[in-house]
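The values are calculated or read from the model by the stated rules, or taken from the named source; none is laboratory data. Remember, predicted model here, so these are calculated numbers, not experimental data. Virtual Cβ from ideal backbone geometry, glycine too; neighbours counted across all protein chains shown. Quick note on the areas: whole protein, heavy atoms, side chains included, nothing else; ligands and nucleic acids left out. Shrake-Rupley method; radii C 1.70, N 1.55, O 1.52, S 1.80 Å.
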Amino acid sequence: MQSSKQDKLIVFDTTLRDGEQSPGAAMTKEEKIRIARQLEKLGVDVIEAGFAAASPGDADAISAIAQIVKNSTVCSLARANERDVRAAGEAIKSAKSGRIHTFIATSPIHMEMKLRMTPDQVLENAVKAVKLALEYTDDVEFSAEDAVRSEMDFLVRIFDAVIQAGAKTINVPDTVGYSIPVLWGERIKQLIEHVPNSGKVIWSTHCHNDLGMAVANSLAAVMNGARQVECTINGLGERAGNASLEEIVMAVKTRRDIFSCDSRIDTTQIVPSSKLVSSITGYPVQPNKAIVGANAFAHESGIHQDGVLKHRETYEIMRAEDVGWNTNKLTLGKLSGRNAFRSRLQELGIVLDSEEAMNAAFARFKDLADKKREIYDEDLHALVSDEVMAEAHEYYKLVYLHVCSETGETPHATIAILENGIERRDEADGGGPVDAAFKALEKMAGSGAELLLYSVNNITTGTDAQGEVTVRLSKGGRIVNGLGADTDIVIASAKAYINALNKLHSKLERAHPQV
Ligand code: KIV
Ligand code: ZN
């Protein structure tokens with residue numbers, strides 16, 4: 001398909017839905033709202049805020065986002081059945097602009113082995129779901145799950161039927177990350193050529209990264225007529241993740257010469273979005289990740305440095321500041337008052353529930369400012385995350401921590417916690433102070449959980465930076481990520497472990513849309 005210069009590329013962000021399906025990345029309503037506000041600031045066209053039928057908590061978070069977000073369409077996923085579509089419709093009903101995204105699998109393997117349905121039954125369910133969704137909104141998207149392994153004739157038939165039923169966006173997913181760019185581009189082209197009335201809808205692509213080709217496949221789809229890309233911040237998502245928003249957006253922008261479309265993304269908000277998602281989900285960004293990795297714009301070798309200093313474009317195809325690097329503003333310090341603190345939180349889109357929460361956050365800020373001279377936006381996000389966790393009625397709370405670590409001595413930790421309001425104290429030796437602290441905590445909680453991951457990242461630079469710790473625990477098939485931040489990394493680690501224990505304890509179950 002030949003497109004005009006003015007074509008708009010619709011950016012559909014699914015960090016809060018497909019991204020949240022990553023092990024342990026489940027977010028609270030408050031965390032989802034913070035990310036949604038940032039996505040709105042970033043300028044994404046559609047925010048897939050969740051899967052309403054998964055749990056009452058998911059439905060609640062979607063409707064809260066639908067009420068708050070005004071400049072992006074808010075969408076809920078729904079399987080092609082009445083219960084899901086109605087749950088999605090209710091969740092988005094207060095949105096200024098709301099979408100229902102309904103889907104059903106169309107590949108022989110999924111229809112036979114998972115759905116146990118005939119192709120005719122699948123088609124009938126798809127059409128019914130689209131018609132029902134139209135009772136709630138005229139913005140209905142249909143996806144053919146596992147389109148990559150679906151038969152072309154069946155895809156043409158089902159897309160024709162859902163377009164006739166009123167779907168406005170047709171999404172073609174590579175659910176298992178199986179395709180390669182030349183084939184994926186060809187598939188999109190063929191569909192646009194063969195589906196009747198294809199010009200009346202927006203063609204969309206949704207690619208997973210199992211073979212490391214999610215972004216390349218999405219771009220091939222765009223070159224062949226897709227005008228919506230489904231993606232996530234940092235490429236977050238199950239297994240190898242989804243196509244990464246920042247890479248698609250910057251590829252299209254940087255290579256305007258080959259893409260005849262552009263998005264309305266404010267690219268200077270890319271790095272702040274990446275940092276926020278990473279800090280809330282506990283999924284760190286690898287240093288050499290394109291666009292948002294810490295080294296993405298660092299020129300290590302002497303030859304490169306020399307070239308960049310003489311003329312930047314010798315080695316740089318994008319400017320760091322255009323994607324939001326170097327904009328981490330020094331916001332506040334020891335002498336900043338309550339009003340400055342409050343207004344910076346407002347600018348960051350952080351809304352605290354009550355005056356008490358604001359007072360507590362301000363007290364923490366003062367405490368942090370005593371330990372750390374310069375406070376950046378990232379520190380404020382971490383501080384608020386910590387505050388929200390501490391305020392929540394959590395089963396375990398940290399009261400006191402003392403660690404001894406000395407050359408030639410066995411590290412030892414003494415910890416006091418509140419367990420359901422009752423104070424308990426215990427101690428343990430360990431291979432290091434963090435190990436000792438975790439052992440003491442485990443002695444009290446007796447969770448029996450397996451530690452899958454322990455990682456520490458500095459939130460900003462310098463030895464006085466806050467350390468942000470992620471602890472991933474697994475128990476009985478459930479995986480949770482615990483997060484903690486503090487200028488003392490042993491305290492940050494204990495907070496992260498306790499946060500993970502609380503998540504395991506909460507036992508919140510939610511349905512997975514594709515299982
Ligand atoms: O990967 C996939 O197929 C999906 C659909 C629900 C769109 O996430
Ligand atoms: Zn997906």
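One line per residue, one yes/no per condition, for (1) closer than 21 Å to D18 by Cβ; (2) within 16 Å of ligand 1 (Cβ to nearest atom):
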{"site": "L134", "(1), (2)": "no, no"}
{"site": "T137", "(1), (2)": "yes, no"}
{"site": "A144", "(1), (2)": "yes, yes"}
{"site": "I158", "(1), (2)": "no, yes"}
{"site": "A161", "(1), (2)": "no, no"}
{"site": "A167", "(1), (2)": "yes, yes"}
{"site": "T175", "(1), (2)": "yes, yes"}
{"site": "S179", "(1), (2)": "yes, yes"}
{"site": "L183", "(1), (2)": "no, no"}
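Among strands (runs of 3 or more DSSP E) entirely within the stretch 1-113, having at least 1 residues that are polar (S, T, N, Q) and surrounded by 22 or more Cβ atoms within 10 Å (Cβ to Cβ) singles out 73-79, 98-105.
Of the residues making up the stretch 298-316, none is surrounded by fewer than 20 Cβ atoms within 10 Å (Cβ to Cβ) and within 22 Å of the chain's Cα centre (by Cα). Count of the stretch 491-515 residues, restricted to those that are surrounded by fewer than 21 Cβ atoms within 10 Å (Cβ to Cβ) and either among the β-branched types (V, I, T) or within 16 Å of ligand 1 (Cβ to nearest atom) (or both), is 7. If the condition is being of a type outside the set (A, V, I, L, M) and under 14 Å from the mean Cα position of the chain (by Cα), then the stretch 28-50 contributes T28, K29, E30, E31, K32, R34, R37, Q38, E40, E48, G50. Where helices (runs of 4 or more DSSP H) fall wholly inside the stretch 149-244, the ranges with 2 or more residues that are more than 26 Å from the chain's Cα centre (by Cα) are 152-165, 181-194. Look through the stretch 127-185, keep the residues that are within 14 Å of ligand 2 (Cβ to nearest atom) and of a type in the set (S, T, Y), and return whichever of them is surrounded by the fewest Cβ atoms within 10 Å (Cβ to Cβ). Step by step, filter the stretch 127-185, then rank; the result is Y178. A single entry from L345, L352 fulfils the requirement of being aliphatic (A, V, I, L, M) and in a loop (DSSP other than H, G, I, E, B): L352. Of all residues in the stretch 494-515, those that are touching a residue at least 60 places away in the same chain (Cβ under 8 Å) have Cβ atoms under 9 Å from Cβ atoms of residues that are among the basic types (K, R) and away from ligand 2 (no atom under 16 Å from the Cβ), 6 or more apart or on another chain, in I498/K397; N502/K397; K503/R478; E509/R478. Picking from residues in the stretch 372-397 that are part of a strand (DSSP E or B) and buried (at least 19 other Cβ atoms within 10 Å of the Cβ), the one that is modelled with the lowest pLDDT is Y376.
With respect to the conditions (1) away from ligand 1 (no atom under 16 Å from the Cβ); (2) touching a Gly at 6+ places or on another chain (Cβ under 6 Å), D58 falls short on a single one, namely (1). Evaluating I258 against the criteria (1) more than 16 Å from ligand 1 (Cβ to nearest atom); (2) under 25 Å from the mean Cα position of the chain (by Cα) leaves one unmet condition, (2).
Filtering the stretch 456-479 to residues that are open to solvent by 10 Å² or more (accessible area, probe 1.4 Å) and either aromatic (F, W, Y) or over 23 Å from K366 (Cβ atoms) (or both) leaves V456, N457, R472, S474, K475, G476, G477, R478, I479.
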